[in-house]
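Enquirer: Quick one: structure below, then a few questions.
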Amino acid sequence: MTIELEQRLQSVAERHTHNPHDLSIIWEACEILSALTREDQMLPWAERALALDPHHADFRAMRASALNLVGRHAEAADMLAHDLSTSGESAIYQLRLGYSLMMAGDLAKAIPLLDEVRQIADSTHVRAEAESLLGQALLKAGDPRGFAHWLMRSHSGDAYSYRPPDIPEWTGEPDLHGRRVLVTHQLGFGDNFLLAACVADWRAAGASVMITCAPQIHQLMQASLPDCEVVSVPSPMQSYAPLPEAVQASVQAFAPDLHATLLHLPLLKACHAVSGFRFQAYLRAPSEKQQIAKEWAQQLRVQHPGKKLVGLFWDCRQRHMPELGSIARCWAARRSLPLEMLDRITTNPTVTGRVQFVNLHHPLVEAQAGTPAGDVSRYLPGIFHFDDTAACVGELDAVLAVDSAVANLAAMMGKLTCVPVNTSGDWRWGTRGTTTPWIEGATVLRQTHEGDWDSVVQDAATWLITQ
């Protein structure tokens, strides 16, 4: 099917060359790109159409969407604001504008607009999406009250979670003494590493906790949460999925009287703290994996005497997976550091004279991530699951990782962590300066222009030299 669509797209492009004023040809090209989940590539086609018909609503919407996908959020916001002022469109246009403003960093405008949309929207879906985005915007602004709104992501996005029947959901009560709470996981590995730090708050409030997690992180989470029961279960593929039969016996034996999702975890503390909320480091590899890593690190330090060991992670795998859709793929691409930019770090003689780098990518994705230039070691015991990654990270002096599960892992291990981010980085990395209000000790290096990593690479080299 993909080959057939590619052939059709090539044919449409040839027809457009001979008849550039035919909007139906341009429309067909956009339909094919949508079928190929390459909506970001609609941008030049939409602009060709708008050159012929500047007020065409569908092509204007396509252009705004494509601008957001490639990170040109301020341009998308300007376009949507103009369309909203001239057409008087409903809440859906306000929602799109609020998203673009938030991603462009204009939180002063985004927050009240998204708050208005969630109150006036007739559609349940639009209302849920607006509240989820409002939560993200507040969190970007460093306001922990955003967690209460971000919870709505369970209803608006892809934050699927299990929902066991006949177990009441936690409704915010702060005193949990004597309560047995089942926490079901959702979102990605990085979110699990970050948000599960809040389990300590639930334990301090008196709760006994059973938490589910994906098999890839089970050993790591079990070692890191010794006071909890940690259950391995595949991630759910739909909202409110029933618990798999394989774990139902364990859950019944635990006998929970409350259920919460991963997104609920920060609320216990955040709803009582307007400022000063921090995620505290807690992750650690299993002891047997720690010993293996210690022996490996000792050998590597002998080979590179006097040098610091620094882990590298630069490529988000999702950018190579078109089946995930254009939003996930484009977001992963924008978060990834191009290999040629990484090479400027790994071949910088001032840096390499002081640092020995270690590749933190899983061996199965190295072919897609590419091989950096210079002398970059591998973790020779092998990275199979995240407990191996954690064991390796535990023996390093620092980690340089783009916004990814590895960056969250290193930060939640308390490891010196430097995170290069794009112009609209995730809320957890803050919005300005080299720090984040959410994670103590993490250094954030920010793009000043979308796609331009030059200054970030220079700052990363300086960070590596001065640590």
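The values are calculated or read from the model by the stated rules, or taken from the named source; none is laboratory data. Quick caveat, the model's predicted, so the values are computed rather than measured. Heads up, the Cβs are rebuilt from the backbone with ideal geometry, glycines too, and the neighbour counts pull from every protein chain shown.
Enquirer: Scanning for something among the basic types (Lys, Arg), more than 25 Å from residue 436 (Cβ to Cβ) and surrounded by fewer than 19 Cβ atoms within 10 Å (Cβ to Cβ), does region 369-382 turn up at least one residue?
Expert: Yes, that holds for at least one residue.
Enquirer: I want to confirm something. Restricting to region 66-82 and keeping residues that are closer than 22 Å to residue 111 by Cβ and in contact (Cβ under 8 Å) with a residue 24 or more places away in the chain, which single residue is surrounded by the fewest Cβ atoms within 10 Å (Cβ to Cβ)?
Expert: 74
Enquirer: Just name the residue that is farthest from the chain's Cα centre (by Cα) out of those in region 1-43 that are closer than 18 Å to residue 326 by Cβ and exposed (fewer than 11 other Cβ atoms within 10 Å of the Cβ).
Expert: 1
Enquirer: Another one. How many residues does region 137-161 contain that are touching a helix residue (DSSP H, G or I) at 6+ places or on another chain (Cβ under 8 Å), closer than 20 Å to residue 276 by Cβ and not hydrophobic (A, V, I, L, M, F, W, C)?
Expert: Residues flagged as touching a helix residue (DSSP H, G or I) at 6+ places or on another chain (Cβ under 8 Å), closer than 20 Å to residue 276 by Cβ and not hydrophobic (A, V, I, L, M, F, W, C) within region 137-161 amount to 5.
Enquirer: Hey, another quick one. For the condition modelled with pLDDT under 95 and under 27 Å from residue 427 (Cα atoms), what is the one hit in 137, 61, 110?
Expert: The unique qualifying residue is 61.
Enquirer: Any residue that is of a type in the set (S, T, N, Q) and either in contact with a strand residue (DSSP E or B) (Cβ under 6 Å, 6 or more places away or on another chain) or without any contact (Cβ under 8 Å) to a residue 12 or more places away in the chain (or both) - is there at least one of those in region 406-416?
Expert: no
Enquirer: Can you say whether residue 399 is in contact with a Phe, Trp or Tyr (Cβ under 6 Å, 6 or more places away or on another chain) and under 21 Å from residue 316 (Cα atoms), as far as the supplied structure shows?
Expert: For residue 399, the condition - in contact with a Phe, Trp or Tyr (Cβ under 6 Å, 6 or more places away or on another chain) and under 21 Å from residue 316 (Cα atoms) - is not met.
Enquirer: Considering only region 194-253, state which residues are free of Cβ contacts under 8 Å to residues at least 12 places away in the same chain and acidic (Asp, Glu).
Expert: 245
Enquirer: Being assigned to a helix (DSSP H, G or I) and of a type outside the set (Val, Ile, Thr), is that true of even one residue in region 412-420?
Expert: Looking for residues that are assigned to a helix (DSSP H, G or I) and of a type outside the set (Val, Ile, Thr), one finds at least one in region 412-420, hence yes.
Enquirer: Starting from residues that are out of contact with any Leu (no Cβ under 9 Å at 6 or more places or on another chain) and either within 17 Å of residue 370 (Cβ to Cβ) or among the hydrophobic types (A, V, I, L, M, F, W, C) (or both), keep the ones in region 308-328 and report whichever is surrounded by the fewest Cβ atoms within 10 Å (Cβ to Cβ).
Expert: 321
Enquirer: If you scan region 438-452, which residues turn out to be assigned to a loop (DSSP other than H, G, I, E, B) and surrounded by 21 or more Cβ atoms within 10 Å (Cβ to Cβ)?
Expert: 439
Enquirer: Then there is this: Write out, first by first residue and then by second, each pair whose Cβ atoms fall under 7 Å of each other, whose residues are 6+ apart or on separate chains, and whose first residue, in region 344-355, is outside any helix (DSSP H, G or I) while the second is crowded, with 19+ Cβ neighbours inside 10 Å.
Expert: From region 344-355, the pairs are 355/310; 355/464.
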